[in-house]
1. Once label points are set 7 Å from the Cα along Cα→Cβ at both A:Arg55 and A:Asp82, what is their separation, rounded to one decimal in nm?
2. Mind pulling the per residue volume of the convex hull built on the Cα atoms of the stretch A:149-258? Å³ is fine.
3. How much accessible surface does A:Glu146 have with a 1.4 Å probe, in Å² rounded to 10?
4. Could you list which residues have their amide H under 5 Å from that of A:Glu169, counting only those 5 or more apart in sequence or on another chain, with H placed in the peptide plane?
5. Name the residues of the stretch A:211-239 whose accessible area, probed at 1.4 Å, falls by at least 30 Å² once all protein chains are in place instead of their chain on its own?
6. Most mobile of A:Val180, A:Val48, A:Val34 per a Gaussian network model of chain A (Cα springs, under 10 Å)?
7. Just A:Pro122, A:Pro204, A:Pro100 to compare: in a GNM of chain A, with alpha carbon springs under 10 Å, which one fluctuates most?
8. Separation between the A:Gln208 and B:Ile43 pseudo-spin-labels, each 7 Å from Cα along Cα→Cβ, expressed in nm?
Amino acid sequence: MGQVIVITSGKGGVGKTTTCANLGTALALLGNKVVLIDADIGLRNLDVVMGLENRIVYDLVDVTSGICRLKQALIKDKRFNDTLFLLPAAQTKDKTAVSPEQMADLCQRLKEQFDYVLIDSPAGIEQGFQNAIAGADRALIVTTPEISAVRDADRIIGLLEAAEKNSPELIINRLRSSMVRKGDMMDIDDMIDILAIQLLGVVPEDDQIVVSSNKGEPVVLNPDSKAGVAYRNIAGRIMGEDIPLMSLEEENGLFQRLKRFFGWAQ
Amino acid sequence: MLEVLSRVFGKENAASKEIAKERLRLVLVHDRATVSPRFLELIKEEIVEVIANYMEIDEERMEVSLNNMDDAVALVASIPVRKVKRVARPTG
């Protein structure tokens, strides 16, 4: 029996979809059978971040309303050998097209076939969020080091507890170590102190994220990306491995790039 | 050499925005037309049904898509024909 993990945040634009795409891809790279569910009905985006937008025939609502069988709606990622799939959101319906009970039932069926079921939650705290968490065994909260995102993360932690989804874990996204060093950005300890939840990982700000979503190739497939390494580490921790936090020293200066080019860097 | 220089200066991905624009353009054609790929699949099935009366086609390689043409959206079908039937007459 697999595990259902919801990736949520409250606030929009903090990197839920990017996180979901990369953790799913990383878990598949590590040998797991993975399915990603885009629960953002009406505003689907996980398909474009994964580069699978041209392969959609059926969607989540088609499955829950019985228009097609579950297997027909799962899009296979051809970069993997039958280990990574996407269940896309409907684009023309709204969030009330699916009920929390239907989502919980869907998750139950999927975790019988997959090691990990990752759900990309919509922003907000309304029905879309309630749908996304309904079948989840575990919740990951994505935040950025900004006051608004951390505030919304705190609200989400409260709502998860109210729904008896206990022990959510935190992913701090887009951390800029140069700003942290200057004291112009909250650091990891500040956020952990405020939110008082377990830290699962920290993803540094990385220009490669934009490039990879331009191309529809998750950044974990790029061995040179620092964010990619961070996502691979988080995937390992999800599997229960004990992986220390990576060093977040900036390595994007010209000198560092020259070093990496000549193979002197790690 | 140019490639080496651009790698050193971190410009190895100068063209990814072009890929993004093209992908975005296609996705938006579908979104704005509120045409789901399933809808296209249905159109495709019906086209196949009609054409099958007249010719044998390669359904595997057949493609139906919506494309942008200047200011309009075009339905473009590419239908490889295996052979034309001798008696081309609709049934019924």
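The values are calculated or read from the model by the stated rules, or taken from the named source; none is laboratory data. These numbers come from a predicted model, not from an experiment. Reconstructed Cβ throughout: ideal geometry from the backbone, glycine too, with neighbour counts over all protein chains shown. Side chains included, ligands, DNA and RNA excluded: accessible areas come from the protein's heavy atoms. Shrake-Rupley method; radii C 1.70, N 1.55, O 1.52, S 1.80 Å.
1. In this crude spin-label approximation the distance works out to 1.5 nm.
2. Cα-based convex hull of the stretch A:149-258, divided per residue, equals 137 Å³.
3. Surface accessible to solvent at A:Glu146 totals approximately 90 Å².
4. For A:Glu169, whose amide H was placed from the backbone, the distant partners under 5 Å are A:Ala139, A:Leu140, A:Ile141.
5. Checking the loss per residue gives A:Val211, A:Asn214, A:Lys215.
6. A:Val180
7. A:Pro100
8. Here the modelled spin labels are 4.0 nm apart.
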